[in-house]
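What follows is one structure encoded as structure tokens, with my remarks underneath.
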Amino acid sequence: MRTRGAVVREAPGKYEVVDIDLDDPRPGELQVRVMAAGLCHSDDHIATRDLPVAVYPFAGGHEGAGIVTVAPPNHKGIREGDHVVFSFVPACGRCRWCAVGRSHLCNMGGSTLSGARPGTTDDFRLHLAEDGRPVGQMSGLSTFCATTTVSVDSVVPLPDDIDFEVACLLSCGVGTGWGSAVNDAAVRPGDAVIVMGVGGVGINAVQGAAHAGATTLVGVDPVPFKREKALEFGATHAVATMDEAVEIVRGPTDGQGADSAIVTVGVTRPDHIGEAFAAIRKAGTCVVTGVGLMTQVGIDIPAGQLAFYGKRLQGSLFGSTNAGADIARQIQLYRQGALKLDELVTTTYALDDIAQGYEDMHAGRNLRGVVVHEH
Ligand code: CXF
Ligand code: ZN
């Protein structure tokens, strides 16, 4: 079938909406009518080439929710008409990482930047209508396409009464931020926590740290709108600089420093990680969730602080989310009014206005922009 989707033809470049031919799904795959897609910073990193991908053109979008339109055999219980939310990391259920419950590290996850079907390097389901060239799929998904073909391992069932516009954020931003605090920083009641960068991911790290019991919770962002939002989502303080944050955590920690600092800066640089690492106490945890230039080597931290102070530097992918278990829990928290999702969606866009969505993100006008597909 033919659909429309936003692709980058080369990087650095810009998202452009084009006609795309979509192959029929094969056994173990699903065709999904994407209803809503979140504008995560990582899709912009693809356009800027901070994150180089294996094939161009590349169709972006790894946050999404929609309705299954075709479900061939091996559908693992997912049927036509079912509502689903995508997980940007598939969970095959068989590899060692899935087997031990760490599905965010599933061996099929390489599809995030390969663009090919999970587990392959040269098998594609999307082609440019104009010349038949294969089109890579972000995370094996490409939610910036109105209809897409995905692995059944990339979807989680979504109850029919949850709006697609909010559900799509569960594919990445919510779990990536919330889990960075709950799982990777392992925030404990009474902790002092710094969240550095309060965008679509950082705001969920704020929610997660608040849920886990942080009683000093400092959101750091130079944009006043983001600081306002941090306070609305549970931060006890919101400041523009790390110097101010360090000063605030000094009081409740006897001058020792934060129990954890979570780096969720949109374009994370080595010096951001250095600042966060300097802000934590002995045996504290610095979680690095934000991504920047992927090829950059070297982080500005004094090695002596690892050995002498037992400080921990913890990388984080998807906030160590186990999609099958955690998305259902997040939906439950949302139903109980404990997890804010509606408030994350600050603007919705038509697919044709996706460039405006990213402009708004860069200008600091959004927590999350969401594309609502027309069908
Ligand atoms: C990213 C992590 C780095 C690869 C692309 C996806 N996570 C969330 O946006
Ligand atoms: Zn993302």
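The values are calculated or read from the model by the stated rules, or taken from the named source; none is laboratory data. Bear in mind the structure is a predicted one, so any value in this text is a computation, not a measurement. Here the Cβ positions follow ideal geometry from the backbone for every residue, glycine too, while neighbour counts run over all protein chains shown. Calculation scope for accessible area: heavy atoms of the full protein, side chains included, ligands and nucleic acids excluded. Shrake-Rupley method; radii C 1.70, N 1.55, O 1.52, S 1.80 Å.
Quick notes
- Other residues lying with their Cβ under 14 Å from the Cβ of residue 342 contribute a combined charge of -1, Lys and Arg counting +1, Asp and Glu -1.
- DSSP beta bridges fully contained in the chain are about 55 percent antiparallel.
- Relative compactness, region 177-317, computed as alpha-carbon Rg over 2.2 N^0.38 Å: 0.92
- Ligands, DNA and RNA aside, residue 232 has an accessible area near 90 Å² when probed at 1.4 Å.
- Sites residue 232 and residue 133 - FRET efficiency at Förster radius 45 Å, r taken between beta-carbons, to 0.05: 0.50
- Between residue 313 and residue 282, the contour length at 0.36 nm per residue exceeds the alpha carbon distance by 10.0 nm.
- The Cα center of region 107-155 and the Cα center of region 68-86 differ in position by 17 Å.
- Between 0 and 90°, nearest 10: helix 270-279 axis offset from the chain longest Cα axis: 40
- Counting every pair of alpha carbons in the chain, the share spaced more than 32 Å apart comes to 29 percent.
- Cα shape, region 1-123, gyration tensor, a/c 1.5 rule: oblate
- Length gained on full extension, residue 335 to residue 94: 83.6 nm, using 0.36 nm per residue less the C-alpha separation.
- Shape category assigned to region 165-243 from the gyration tensor of Cα positions, a/c cut at 1.5: oblate
- Relative packing of 30-37, 294-301, which averages over residues the other C-beta atoms within 10 Å, highest first: 30-37, 294-301
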